[in-house]
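Here the structure is laid out as structure tokens; the discussion comes afterwards.
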Amino acid sequence: MATLAFLLFGLISFLDPVFGASCSSSDKCLSTKYTLATCDKDSKNCSCSSVYPGYKPIRSGCGRNLYTPTLKPLAPFSTEMIPGKEAVLICSSDDGATLFEWMKDGLLFKNVTTSMYTITAASVKDTGTYKCKAKLNTDSYFQSLESEGLTMTLITILDTPQPPVVLVHPTEIFPGKNANLDCSNLPNGFNKSKVIFLNGDSVPITTPLRMTSLLSETFVKCVLTDATLFTGTVSSGVQKLPKVVSRIIGVGISTTAVRNEVYTVLEKVPLACMTSPEPAYVDTTSTALHFGWMINSTVVNGQNEQTLNLPLTEGVYTITCFATYDGTALSSPAITITRSSSYFTKPAISPNPTIPVLGSLLTLACKSSYEGEYSWKKGTVSIPRQFDDILQMDNLTAADFAIYTCSIKRSTVIMTSDSFAVNIPDIGNRNNNTESYSGEQSTVKGLQLSDYTTPANIAGNEKERTSPTTTVIPYNGQVISMGSVLITGLMFLSSRLLL
């Protein structure tokens, strides 16, 4: 029975995918952007490039671990807690992870998996150093490093809280418009009604603050006052109030476009004409603020809005905007944006070899005119953390046969390839809705199909198979189809050993 179990395990291992691109010698791996040509002889996995840290072996090459998240208290609070009050910690992931792991002083929290951790009623037991990590799913293979520790403390009436920080917005403003003041770095649970703002003469002021010329660039600070929590008061450092102006002092274009970059005809490139002060802080009660745009030295007729969408046609666009207020017009510096219909094209999947062999290496390359970050799907499921342009499947098994697609993302545009099927026929349904070819090569949509010849006499005694068959399964897309896998030899071998 032990021998049978061993054989069955071997058969299952043969059919199941190997986790990590497998290899057996130093030159077995395919060198890609993230995967090295060298083989790790201990793990039998292809090595990952140290140029791009954080990558680890996956079935199709090397996949990137999640970035280390950041851990902070919910704004506007600090790392201090008031006894009995609530404190909220936020674990932020640049990868968009939705599963998290939390710990305090090295001890893992059970059943806490969201990006937010709430301390409902702070006490001494809640003090300590918190950390979090981001995870792809419940399988911990893909996860981030632990965040930097966040030490939460409890304050009492004998303690002096950390100094708060006063915030002022905007930096320039017209007289009569309101500036906004805020106070951050407060103890968790602090009542914000106990925050006051003082001007440079220690006279209380309110927020929002109606600005006048006399208040221009004078000092302000925020003060925490709560005799039930601590003795005395705790003040922030000082900050300047906005500069009060009576005219527009600058114009510029705000855009997500990157300098000297080329964009496709599909990508929206929004542009905004920004003034200093910002339009919301310009007094337009009696004098209007007008905008205009020029493309390639020509005024865009009928375009008097603050925003502009770049035309979705090919060309090189030199763009300026101008703002007019009280008879004075100011122009922005020019920016140049290029659109090309051929710069970012739909990717296509290219196999190597075109005649795959079970147990050997098959690579799928995602080819496009644009080099970016790639993603892959096997069927409808994304291949986790696979950002390379090449999938490599060494020790090819039946579990690898599926429909694959690759995508390239740039800004808000995603280009996805046609579906590409790597297939093997069902031995039991060989004659059902299939077209068979025996002992010859055939071509489907430019791909060469060939018999996969199974070695005869695996155990040296079974009947030799002389006419392996290659079957093409109809599919609306590209297909690689392989001949049947001979497993009778394995079954015969198991029966012999049982005897």
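Would you mind finding the one in 238, 251 that is surrounded by 17 or more Cβ atoms within 10 Å (Cβ to Cβ) and either under 24 Å from residue 173 (Cα atoms) or touching a helix residue (DSSP H, G or I) at 6+ places or on another chain (Cβ under 7 Å) (or both)? Outline the logic, then answer.
Details: 238 fails: surrounded by 17 or more Cβ atoms within 10 Å (Cβ to Cβ).
Just a single option satisfies the conditions, and that option is 251.
Got a sec? Which of 345, 275, 336 is at pLDDT 90 or above, among the hydroxyl-bearing types (Ser, Thr, Tyr) and surrounded by fewer than 19 Cβ atoms within 10 Å (Cβ to Cβ)?
The match here is 336.
Does residue 104 meet the test of being in contact with a Ser or Thr (Cβ under 9 Å, 6 or more places away or on another chain) and either over 20 Å from residue 65 (Cβ atoms) or of a type in the set (S, T, N, Q) (or both)? Full working, then the answer.
Numbers: in contact with a Ser or Thr (Cβ under 9 Å, 6 or more places away or on another chain): yes; either over 20 Å from residue 65 (Cβ atoms) or of a type in the set (S, T, N, Q) (or both): yes.
So residue 104 fits the description; yes.
Give all pairs with beta carbons closer than 8 Å in which a residue from the range 392-404 that is assigned by TED's automatic domain parsing to the domain that holds residue 423 meets a residue that is acidic (Asp, Glu); count only pairs at least 6 apart in sequence or on separate chains.
Filtered contacts from the range 392-404: 393/400; 397/16; 399/16.
Looking at the range 372-380, can you tell me whether even one residue there is surrounded by 12 or more Cβ atoms within 10 Å (Cβ to Cβ) and of a type in the set (Val, Ile, Thr)?
no
Which of the residues spanning the range 138-179 are surrounded by fewer than 16 Cβ atoms within 10 Å (Cβ to Cβ), farther than 30 Å from residue 190 by Cα and in contact with a strand residue (DSSP E or B) (Cβ under 6 Å, 6 or more places away or on another chain)?
Scanning the range 138-179 gives a single hit, 175.
Keeping to the range 173-220, report how many residues are farther than 30 Å from residue 118 by Cβ and touching an Asp or Glu at 6+ places or on another chain (Cβ under 8 Å).
The total comes to 4.
What number of residues in the range 205-235 are buried (at least 17 other Cβ atoms within 10 Å of the Cβ) and aromatic (Phe, Trp, Tyr)?
Summing the residues that are buried (at least 17 other Cβ atoms within 10 Å of the Cβ) and aromatic (Phe, Trp, Tyr) in the range 205-235 gives 1.
What are the pairs with Cβ atoms under 6 angstrom where one residue, in the range 372-388, is among the aliphatic types (A, V, I, L, M) and the other, located anywhere, is part of a strand (DSSP E or B)? Sequence gap at least six, or different chains.
Correct list of pairs: 383/376.
Go through (1) among the acidic types (Asp, Glu); (2) over 23 Å from the mean Cα position of the chain (by Cα); (3) surrounded by fewer than 18 Cβ atoms within 10 Å (Cβ to Cβ) one by one and return the number of the condition residue 400 breaks.
Among (1) among the acidic types (Asp, Glu); (2) over 23 Å from the mean Cα position of the chain (by Cα); (3) surrounded by fewer than 18 Cβ atoms within 10 Å (Cβ to Cβ), the lone unmet condition for residue 400 is (3).
The values are calculated or read from the model by the stated rules, or taken from the named source; none is laboratory data. Predicted model, so just to flag it, every value in this text is computed and none were measured. Methodologically, a virtual Cβ is constructed for each residue, glycine included, from the backbone with ideal geometry; neighbour enumeration extends over all protein chains shown.
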